[in-house]
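Input: a single structure, listed below in structure tokens.
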Amino acid sequence: MRRRIKLHETTIDYAVKKSKRARRLRVAVYCDSAVVVTVPYDFAENKIEHFLRLKAAWVLDKMEHFKNLGKTIQLPRGKRAYKKYRAEALKFAEGKIADINKYYKYSYNKIAIKDHKSRWGSCSKKRNLNFNYRVIFLPERLADYIIAHELCHLGIFDHSRKFWALVEKSMPDFRHRVKELNALVKL
């Protein structure tokens, strides 16, 4: 549901998304300056505006940042696009994994291409690597980061300091790539 609020003399529109998986209130500002507040189903409505007012400076700063960036990638969407690009994305991911895994030398089971709505990739406890088919539309340096990130989960299955140190070994500028990915693309 769409709503409107005035933050520091600026009126912004925002969406409220209720999620079964959400455990707490979360606000996100996307590269198109869209503001989305995700809350658990039983969250008190009056607390949303209070939270946004507390985070007003951060929200407005992020919106301004993305407006100034002015460049985003429009990604294909829908089942038709997924079917059209799935095989190409699988071939792409297999090639990237073979190349990047020369550094890590991890074993894995399957590589799958998915139509994730909100993630670029995942690694299962069964050592399966999953990637969003849209990875083929990213600049190569960002796709490399996504592949390396998921490969590192084969070594460390969390986002601890050890995990990020592992990512950094093969990709010293990964922090910059994460920022670039977040600024450039909205899934």
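The values are calculated or read from the model by the stated rules, or taken from the named source; none is laboratory data. Everything numeric here is computed off the predicted structure, so don't read it as measured data. Here Cβ is always computed from backbone atoms with ideal geometry, including for glycine, and neighbour counts include all displayed protein chains.
Odds and ends about this structure:
- Criterion: touching a helix residue (DSSP H, G or I) at 6+ places or on another chain (Cβ under 9 Å) and outside the structural domain of VAL29 (by TED's automatic domain parsing) - qualifying residue of GLY95, GLY155: GLY155
- Inter-residue pairs, beta-carbon under 9 Å, first under 13 Å from ASP144 (Cα atoms) and in the same structural domain as ILE100 (by TED's automatic domain parsing) and in segment 159-177, second of a type in the set (A, V, I, L, M) and in a loop (DSSP other than H, G, I, E, B), 6+ apart: ARG177/MET171
- Test result for ARG134, surrounded by fewer than 19 Cβ atoms within 10 Å (Cβ to Cβ), on the phi < 0 side of the Ramachandran plot and part of a helix (DSSP H, G or I): no
- Only a single criterion out of (1) over 20 Å from TYR30 (Cβ atoms); (2) modelled with pLDDT of 90 or more; (3) within 17 Å of the chain's Cα centre (by Cα) is not satisfied by ARG141, namely (2).
- Every residue from segment 150-163 that is more than 14 Å from the chain's Cα centre (by Cα) and either surrounded by 15 or more Cβ atoms within 10 Å (Cβ to Cβ) or closer than 16 Å to ILE100 by Cβ (or both): LEU151, CYS152, HIS153, LEU154, GLY155, ILE156, PHE163
- Verdict on HIS116 being in a loop (DSSP other than H, G, I, E, B) and in contact with a Ser or Thr (Cβ under 8 Å, 6 or more places away or on another chain): yes
- Any strands (runs of 3 or more DSSP E) falling wholly within segment 1-109 and containing at least 3 residues that are surrounded by fewer than 16 Cβ atoms within 10 Å (Cβ to Cβ): 2-7, 10-19
- Search result, residues across segment 142-187 that are hydrophobic (A, V, I, L, M, F, W, C), farther than 27 Å from VAL36 by Cα and not in a helix (DSSP H, G or I): LEU154, ILE156, PHE157, MET171
- Residue check for ILE147: touching a residue at least 40 places away in the same chain (Cβ under 8 Å) and within 18 Å of the chain's Cα centre (by Cα): yes
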